[in-house]
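What follows is a single structure, written as C-alpha cells, with notes after it.
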Ligand SMILES: [Zn+2]
C-alpha cells in the first residue's frame, strides 16, 4: 500500500510519462483513487507535462472538487464515473494517443500482434460518439462502454485505460499506443490485408499476458518510463 505522498508523486510522474511518450500534448490526464474511497487525485487543468504532485486536486465520483487549488480538467467525468462503476479500478488514464486515434478511425479493433499487446486480449471497445466527455451522463456512457475491460478507444479523440494502480495504468497506456502503432505498421506492410496478419490466439495471448503482467516486468517498465522523465 503506497502512502499519500508517494501516490501523489506517482500520479504526477504518470502524467509526465504520458507526455514524454507522446500519448498526450496539451490535453489528457491520469488519476488515482485514494485508498478504497470514492475520492481520487487528478491534475489541475493544464498539460500532463506540467503535473505537480503538490497541486493535485481531490475529487469524488459525483464530480465534486473536495481539496486543492485550481480548476479541474473538464473531462474529469471520465475518471469519476469509471471509479463509480468499477470498485476494482485504482487508476484511470485518458490520453489522446495518435495511433489509438488512427486505429479507431479506420474501424479496426485492436489485434494482439505482439507481447505487450496481449495485455488487451479481452478486447478494446470503441466509443463512437465524438466530442469531449464533459458531463456525468457521458461519463456514465463511457464507463458502460468500457465495461469490465481495461482499455477503450474514443473515436477521433483517444483512449481510456483503467487498472488496479497508477503505475500499471501508465505502463498500460504506453503498451496500448505501442500495440496500436505496431498494428498500423503491420497493416501498411500487408497493404491492409488483415488475412496476412497472424494475431495471437486467445490461448497464446493469455499465456503471454500472464508473463508481461507479472509484478517484475511491470516494475521494470515503470522504472524505464519514469527514468525518461526524471533525467
Ligand atoms: Zn480528451
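Since every read-out is calculated from the coordinates, none of them should be taken as a lab result. In this text the structure is predicted, and so the values were computed from the model without any measurement. Using ideal geometry, Cβ is built from the backbone for each residue, glycine included, and neighbour counts are taken over all protein chains shown.
Within a 10 angstrom radius of the beta carbon, how do 94, 207, 157 rank from fewest other beta carbons to most?
So the ranking, lowest neighbour count to highest, is 207, 157, 94.
Per DSSP helix of 4 or more residues, -39500 (n - 2.57); summed, then divided by the residues of the chain. What does that give at 222 nm, rounded to the nearest 500?
Values: 7 runs with 97 residues, N = 231.
Helix contribution divided over all residues of the chain: -13500 deg cm²/dmol.
Given contacts defined as C-alpha pairs under 8 Å and at least six residues apart, what's the relative contact order of the chain, whole-number percent? Please list the in-between numbers first.
Values: 464 pairs, mean separation 49.9, N = 231.
Relative contact order of the chain: 22 percent.
For the Cα atoms of the chain, what angle does the longest principal axis make with the long axis of helix 136-146, in degrees from 0 to 90, nearest 10?
Helix 136-146 sits at roughly 40 degrees to that axis.
For the Cα atoms of the chain, what angle does the longest principal axis make with the long axis of helix 76-85, in degrees from 0 to 90, nearest 10?
80
Using mean Cβ contacts within 10 Å as the protection proxy, how do 81-90, 172-181, 194-203 order, highest first? The partial results should precede the final answer.
Values: 81-90: 20.1, 172-181: 24.1, 194-203: 11.9.
Averaged packing, sorted descending, gives the order 172-181, 81-90, 194-203.
So what's the angle, to the nearest 10 degrees on a 0 to 90 scale, between helix 202-212 and the longest Cα principal axis of the chain?
50
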